[in-house]
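Chemist: The structure that follows is given in the form of structure tokens.
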Amino acid sequence: MRVTVWGEGFLDLDTLGERPEPLNYRGYVDRARELYPDDVHEAVARLLRERLGDGAEVRTSVLADPAAGLGPELLEATDVLVWWSHVKHHLVPDETVERVWQRVREGMGLIMLHAGIESKIFRRLMGTTCNSEGWRQSDDWEAIWTVSPGHPISEGVPARFVIPVEEVYCEFFDIPAPDELVFLSTFRGGEVFRSGCCWQRGNGRIFYFRPGHESYPTYHQPEVQQVLANSVRWANREAATTVDLSPFDGQHPDAAKAHELHDGWFRRLGAAGGGRAEVER
Ligand code: ZN
């Protein structure tokens, strides 16, 4: 399994661009540098290497790399892309977004972390604003509740666990209803948030995991690491990414009828030149 952890390069102040600095940006950078000296994406890559072992080849790339760190060759050689971005979403080129979108549809898995809900690619894949109704950084706890105990992403994860300090997000979280909801978060103020969500787009599996604000040590917490490793395994779709178009060989008593129908479909699809199939009535 080939995994790429992509980061915006949060600690790299030079690539912030023309945008006015977001509130507290420098404060976050100082704190993040203490917690994640090589930047957040490197910490995520390290924990995945430790947890996935020899079964995974984990590399990193960043926005400042050629082709925004997501060129065609790299994406082609990526089974699962893990995405961390927070303040540089707007600097990701549209053509890069298009390439990632295409690869997800082909079957590349995508793990979207924390503030990545504001990224262009996540919004494109979801078709909604993906906004959290509110947020605050008040050093409050986050309790994560497993609501799909049999799911591969919750394997080995406690039924509930607490992240002692995290940023707070709250519903309404403007996403399409997840295909599967694995985790739900509650916060001290009574807020709730769908914090572990699965979707499929084309052949690609997508998982969003909410925790991971850069000024908190969340990625050092074992339960969080377990969730991330599980999610990468789940999103890897090396197999079963193509539709089987081999001729029908059913043994139904009326197989001749099924053959006729089946061949008819493909003749029509072929005649349409790959466009819309004409349906005979
Ligand atoms: Zn945050």
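The values are calculated or read from the model by the stated rules, or taken from the named source; none is laboratory data. As the structure is a computational prediction, the values presented were derived from the model and not from experiment. Every residue, glycine among them, receives a Cβ derived from its backbone with ideal geometry; neighbour counts consider all protein chains shown.
Chemist: Just for the stretch 128-154: of the residues that are among the small types (Gly, Ala, Ser) and within 18 Å of ARG233 (Cα to Cα), which one is surrounded by the fewest Cβ atoms within 10 Å (Cβ to Cβ)? Before the answer, list the steps.
Modeler: Step one: list which residues in the stretch 128-154 are among the small types (Gly, Ala, Ser), which gives 132, 134, 138, 143, 148, 150, 154.
Now drop any that are not within 18 Å of ARG233 (Cα to Cα), which leaves 148, 150, 154.
Numbers: SER148: 15, GLY150: 7, SER154: 20.
Within the stretch 128-154, the match that is surrounded by the fewest Cβ atoms within 10 Å (Cβ to Cβ) is GLY150.
Chemist: I'd like the full set of residues that are out of contact with any Ser or Thr (no Cβ under 7 Å at 6 or more places or on another chain) and aliphatic (A, V, I, L, M), limited to the stretch 176-208. Quick ask: steps written out before the conclusion?
Modeler: Residues of the stretch 176-208 that are out of contact with any Ser or Thr (no Cβ under 7 Å at 6 or more places or on another chain), as a first pass: 177-179, 186-191, 194, 196-202, 204-206, 208.
Matches in the stretch 176-208: ALA177, ILE206.
Chemist: Let me ask something else about it. Mind listing whichever residues of the stretch 110-140 are free of Cβ contacts under 8 Å to residues at least 60 places away in the same chain, out of contact with any helix residue (DSSP H, G or I) (no Cβ under 6 Å at 6 or more places or on another chain), within 16 Å of PHE209 (Cα to Cα) and within 16 Å of the ligand (Cβ to nearest atom)?
Modeler: ASN131, TRP135
Chemist: What pairs come up if the first residue lies in the stretch 210-222 and is under 9 Å from TYR36 (Cβ atoms), the second is part of a helix (DSSP H, G or I) and near the ligand (Cβ under 9 Å from one of its atoms), and their beta carbons are under 6 Å apart, counting only those six or more places apart or on different chains?
Modeler: Within 6 Å, the pairs are GLU214/TYR28.
Chemist: Still on this structure, I have one more. Which of (1) within 12 Å of the chain's Cα centre (by Cα); (2) hydrophobic (A, V, I, L, M, F, W, C); (3) under 19 Å from ASN236 (Cβ atoms) does LEU75 not meet, given it meets every other one?
Modeler: (1)
Chemist: Could you pull out the residue among LEU74, LEU13, LEU47, LEU35 that is of a type in the set (A, V, I, L, M, F, W, C) and at pLDDT below 95? Don't jump to the end; show me each part of the working.
Modeler: Details: LEU74 fails: at pLDDT below 95; LEU47 fails: at pLDDT below 95; LEU35 fails: at pLDDT below 95.
Result of the check over LEU74, LEU13, LEU47, LEU35: LEU13.
Chemist: Inside the stretch 185-209, can you point out the residues that are in contact (Cβ under 8 Å) with a residue 60 or more places away in the chain and in contact with a helix residue (DSSP H, G or I) (Cβ under 9 Å, 6 or more places away or on another chain)?
Modeler: TRP199, ARG201, GLY202, ASN203, GLY204, ARG205, ILE206, PHE207, TYR208, PHE209, listed by residue number.
Chemist: Name the single residue, out of those in the stretch 214-263 being acidic (Asp, Glu) and at pLDDT 75 or above, that is nearest to ILE163 (Cα to Cα).
Modeler: Ranking the candidates gives GLU223 first.
Chemist: Against the definition (at positive phi and within 16 Å of the ligand (Cβ to nearest atom)), how does GLY212 come out, yes or no?
Modeler: Yes.
Chemist: Also, quick follow-up: Quick one: would you say GLY202 is away from the ligand (no atom under 13 Å from the Cβ) and either over 17 Å from TRP84 (Cβ atoms) or outside the structural domain of GLU8 (by TED's automatic domain parsing) (or both)?
Modeler: On the way: away from the ligand (no atom under 13 Å from the Cβ): yes; either over 17 Å from TRP84 (Cβ atoms) or outside the structural domain of GLU8 (by TED's automatic domain parsing) (or both): yes.
The answer is yes for GLY202.
Chemist: For the subset of the stretch 88-109 comprising residues that are under 18 Å from PHE10 (Cβ atoms) and assigned to a helix (DSSP H, G or I), which member is nearest to the ligand (Cβ to nearest atom)?
Modeler: Of the residues in the stretch 88-109, the ones under 18 Å from PHE10 (Cβ atoms) are 88-92, 96.
After this cut, where a residue has to be assigned to a helix (DSSP H, G or I) as well, the list is 89-91, 96.
Details: HIS89: 12, HIS90: 16, LEU91: 17, THR96: 22 Å.
Top of the filtered list is HIS89.
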